[in-house]
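One structure below.
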Amino acid sequence: MRRPVQFLAAACLLVAASACTTDDPTVNTNIPLVPTQPVVETFSGTVAPGGKDEKVFSIVQGNGGLDITLTSLNPPVVIGLGAGSWDPVAGCTLGTNATRNVTPGTSPQLSFTGVPVGQYCVRVFDVGTLTATASYTINVAHY
């Protein structure tokens, strides 16, 4: 008689213990360190002959990619496109090898990987081809 009581007590203890466990959805969930979908920011502006225009954006999750695409420019001439770090006092400091002379398109003209968290800027500037003020649109996609 003693054995069935011990067995029954052990079984009740196991049932009670298993009822106290919880399923934490974050325990086995793989949270990506880099987002799988980019944040896309669209900027528009104008550039005068001999001039430049800069836009500022922030990357809040680092080590991802950065793609910059000049999607439209009117008139459609070759223009300078650059990216760099932003400082409220110093302004936009373009990165080494971070400028290109481009025309509008659908593919990124500037691409970077492993970009850390921080404030950045994109600059659109005349390379001597503008004879009148040009209007532009750029997409900045960061992961």
- Residue pairs within 8 Å by beta carbon, gap of at least six or interchain, first lying in segment 121-143 and closer than 23 Å to Thr96 by Cβ, second modelled with pLDDT under 95 and among the small types (Gly, Ala, Ser), listed first then second, are Ala141/Gly65; His142/Gly64; His142/Gly65; Tyr143/Gly64; Tyr143/Gly65
- Quick one: count up the residues across segment 69-87 that are under 12 Å from Tyr120 (Cα atoms) and either without any contact (Cβ under 8 Å) to a residue 12 or more places away in the chain or among the aliphatic types (A, V, I, L, M) (or both). 1
- Pick from Thr113, Thr106: which is outside any strand (DSSP E or B), β-branched (Val, Ile, Thr) and loosely packed, with under 13 Cβ neighbours inside 10 Å? Thr106
- Query: Within segment 116-136, how many residues turn out to be hydrophobic (A, V, I, L, M, F, W, C), out of contact with any Pro (no Cβ under 7 Å at 6 or more places or on another chain) and in a strand (DSSP E or B)?
  - Reply: 4
- Conditions (1) over 19 Å from Val56 (Cα atoms); (2) part of a strand (DSSP E or B); (3) not basic (Lys, Arg): number failed by Leu70: (1)
- Task: Tell me, yes or no, whether segment 60-72 has at least one residue that is hydroxyl-bearing (Ser, Thr, Tyr), more than 20 Å from Val115 (Cα to Cα) and at pLDDT 95 or above.
- Result: yes
- Item | Whichever residue in segment 27-59 is part of a loop (DSSP other than H, G, I, E, B) and at pLDDT 95 or above and, among such residues, is nearest to Tyr120 (Cα to Cα) | Gly51
- segment 38-62 residues that are on the phi > 0 side of the Ramachandran plot, paired with ones that are assigned to a loop (DSSP other than H, G, I, E, B) and not hydrophobic (A, V, I, L, M, F, W, C) (beta carbon under 9 Å, 6 or more apart): Gly50/Asp126; Gly50/Gly128
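The values are calculated or read from the model by the stated rules, or taken from the named source; none is laboratory data. Just so you know, these numbers come straight off a predicted model, no measurement behind them. Cβ: placed from backbone, ideal geometry, glycine included. Neighbour counts: every protein chain shown.
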